[in-house]
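Derivation of every value follows stated rules applied to the coordinates shown; laboratory data play no part. Bear in mind the structure is a predicted one, so any value in this text is a computation, not a measurement. Cβ coordinates were reconstructed from backbone atoms using ideal geometry, including for glycine residues, and neighbour counts include every protein chain displayed.
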Amino acid sequence: MTKDFGEDTVNVKRVGIIGVGEIGRAIVTGLCDGGDTSLEVFLSPRGARTAAELSERYEGVQVCAANQAVVDRSELVIIAVRPHDRSEALAGLRVDDDKIVVNVMTGVGNDDLRRMLATDAPLVRAIPLPAIRERASVTVTCPSHPVVDSLFDHLGGVLPVEDEAAFNVFSALTGTLTTHYWYVATLTSWAVGRGVPSDVADRYVRSLFQGVGRALSDESRSLHQLAGDHETPRGNNERIRTTWFTAANAEALGRALDDLVAHLERR
C-alpha cells in the first residue's frame, strides 16, 4: 500500500470490482477521473458491455476473464453484484485472508457473505451512490476500515458507522431516492396536465430542485431552518406543506422506513 490520495491516507493500488453495473461504473469513473494515474482496476466479465467501455476509456482498467482473476490480481475487491445473483457469481470464489473485501450488495450482511466466501479477510459493507462518479457523495461504511474509509473519502467523503443496525438505518434512508424522483416527475406531469408544454415543465422543475440541492450544501443551517427560510407565513410553500405533507403523511413515511429496516434485518 502507498500514500497517494492525500498526505496522511493509505490506499491500495490494485482494486477489483465484481459486478459492473451502475454503481460499479460510478466507482471506476470516480477513481479514474480522480487524478491517480498509477491505480489499476480489474473488472469482472459480468456486465461485459460496461466493462469493455470502461477499459477502452481508461488506461489502467482491465477486464478479466473470470471473477477469480479479479480477486487474485487485486488488493481490495468490491463485490457489486445484484443480491439475487450472488450465489452464482461468487460460487467457488477463493479469497485469501490478506485481501480486503467491500460488500456493496443491498441487504446482504457481512456474516452471510463471509459464510459464502469462507474467508477471514476483512469485510466492510458500504453504500456508494451514483454521484460517487463526480466524487460528490458521502459513502456509509461498516465497520470502519482505514483503507476502505480512505478510498471512499477520496470519492466524496466517508461516514463510518458502528454496527449493522445503524447501517440498516442508512440503507433505509437511501431507499427513499427514487421516491424523490417520482415526486419531482409527478409535479412535472401535473403541470403538463394544466397545459404547460412537457419540455418547459421538465426544465423548470429540474431547475427548481437543483436549487434545493445547492441550498442543502449550506450546513450552517439545519434542515428545518432551511425549510423555514424558504417559507413565507400563509404563503404558497406553507400552504402545500400544511395541506399535503401533514402529520399523518409524515407518520406514514416513518412507518414505511420502519418496515424497510425490519425487512433488511431479516435478510
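Brief remarks on what is shown
- Helix 164-174 vs. the chain, principal-axis angle (Cα, 0 to 90°, nearest 10): 50 degrees
- Phi angles across the range 110-127 convert, under the Karplus curve 6.51 cos²θ - 1.76 cosθ + 1.60 with θ = phi - 60°, into 3J(HN,Hα) values of 5, 4, 4, 5, 5, 4, 5, 8, 6, 10, 9, 4, x, 10, 10, 7, 8, 10 Hz, Gly and Pro given as x.
- Database remark: amide H of Val77 closer than 5 angstrom to the amide H of Gly16, Ile100, Val101, Val102 (H placed geometrically; neighbours at sequence offset of 5 or more, or on other chains; Pro and chain starts carry no H).
- In order along the range 69-77, the phi-based Karplus estimate (6.51 cos²θ - 1.76 cosθ + 1.60, θ = phi - 60°) of 3J(HN,Hα) comes to 5, 4, 5, 4, 8, 10, 8, 10, 10 Hz; Gly and Pro are listed as x.
- Antiparallel beta bridges, as assigned by DSSP with both residues in the chain, represent about 20 percent of the total such bridges.
- Percent antiparallel among DSSP beta bridges (both partners in the range 1-159, rounded to 5): 20 percent
- Residues with amide H under 5 Å from that of Thr139, placed H, sequence gap 5 or more: Gly157, Val158, Leu159
- The range 81-208: mean projected area of Cα convex hull, nm²: 9.9 nm²
- Axis of helix 198-216 versus longest Cα principal axis of the chain: the two differ by about 70°, to the nearest ten degrees.
- Over the residues of the chain, the helix contribution to mean residue ellipticity at 222 nm works out to -15000 deg cm²/dmol, using -39500 (n - 2.57) for each DSSP H run of at least 4.
- DSSP-loop GluC sites (Glu not before Pro) across the range 114-172, with at most 11 other Cβ within 10 angstrom: Glu162
- Options Gln68, His84, Pro128, ranked by Cα towards positive dipole end of the chain, top entry (Cβ charges): His84
- Pairs of Cα atoms nearer than 8 Å and 6+ residues apart set the relative contact order; for the chain it is 13 percent.
- Paramagnetic label reach from Glu40 (point 7 Å along Cα→Cβ; backbone nitrogen cut-off under 20 Å): within the range 64-96, residues 64-79, 94-96.
- Rounded to the nearest whole Hz, the Karplus-based 3J(HN,Hα) values (6.51 cos²θ - 1.76 cosθ + 1.60, θ = phi - 60°) of the range 248-255 follow the sequence 5, 4, 5, 5, 5, 5, x, 5, with x at glycine and proline.
- Applying the criteria of a DSSP loop state and at most 14 other Cβ atoms within 10 Å to the trypsin sites (Lys or Arg not before Pro) of the range 91-124 yields Arg94.
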